[in-house]
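The values are calculated or read from the model by the stated rules, or taken from the named source; none is laboratory data. Since this is a predicted model, take the numbers as computed values, not measurements. When we count neighbours, we look across all protein chains shown, and the Cβ atoms used for this are built from the backbone with ideal geometry, even at glycine. Please note that ligands, DNA and RNA were not included when accessible areas were found on the heavy atoms of the full protein model with its side chains. Shrake-Rupley method; radii C 1.70, N 1.55, O 1.52, S 1.80 Å.
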Amino acid sequence: DKIRYVVYLRDRFTCQDCNITGISLDVHHIIPFLISKDNSLQNLISLCRSCHMKRERELIKKIKKEVIIQ
């Protein structure tokens, strides 16, 4: 929770994709935690729920594509 608040402060409580403010934000791992095990500030950004879900969908598509290619 402390790291989450620091990320919100650093990002000025603003979604880093669409720049919306004044709504509830999620903290997103740029490189997924399951891969990176990285909770550092450099790997975390604030996103609104809509942008967060969009990034997650894109990540899932990328992973599926890589699995099919291999």
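Close Lys pairs in the chain, defined as Cα atoms under 26 Å apart and 8 or more places apart or on different chains, number 10. Loop-located trypsin sites (Lys or Arg not before Pro) across the chain with a Cβ neighbour count of 13 or fewer within 10 Å are 12, 37, with loop assigned by DSSP. Solvent-accessible surface (1.4 Å probe) assigned to residue 1 amounts to roughly 150 Å².
To the nearest 20 debye, what is the magnitude of the charge dipole of segment 8-58 about its Cα centre, counting +1 on the Cβ of each Lys and Arg and -1 on the Cβ of each Asp and Glu? Could you put the intermediate results ahead of the total?
Numbers: 7 positive and 6 negative charges, 9 e Å.
The calculated dipole for segment 8-58 is roughly 40 debye.
Based on protein heavy atoms only, segment 2-47 ends up with 67 Å² per residue of surface accessible to a 1.4 Å probe. Couplings 3J(HN,Hα) for segment 42-57, derived from phi with the Karplus relation 6.51 cos²θ - 1.76 cosθ + 1.60 (θ = phi - 60°), are 5, 9, 10, 9, 8, 9, 5, 4, 4, 5, 5, 5, 4, 4, 5, 4 Hz, where x marks Gly and Pro.
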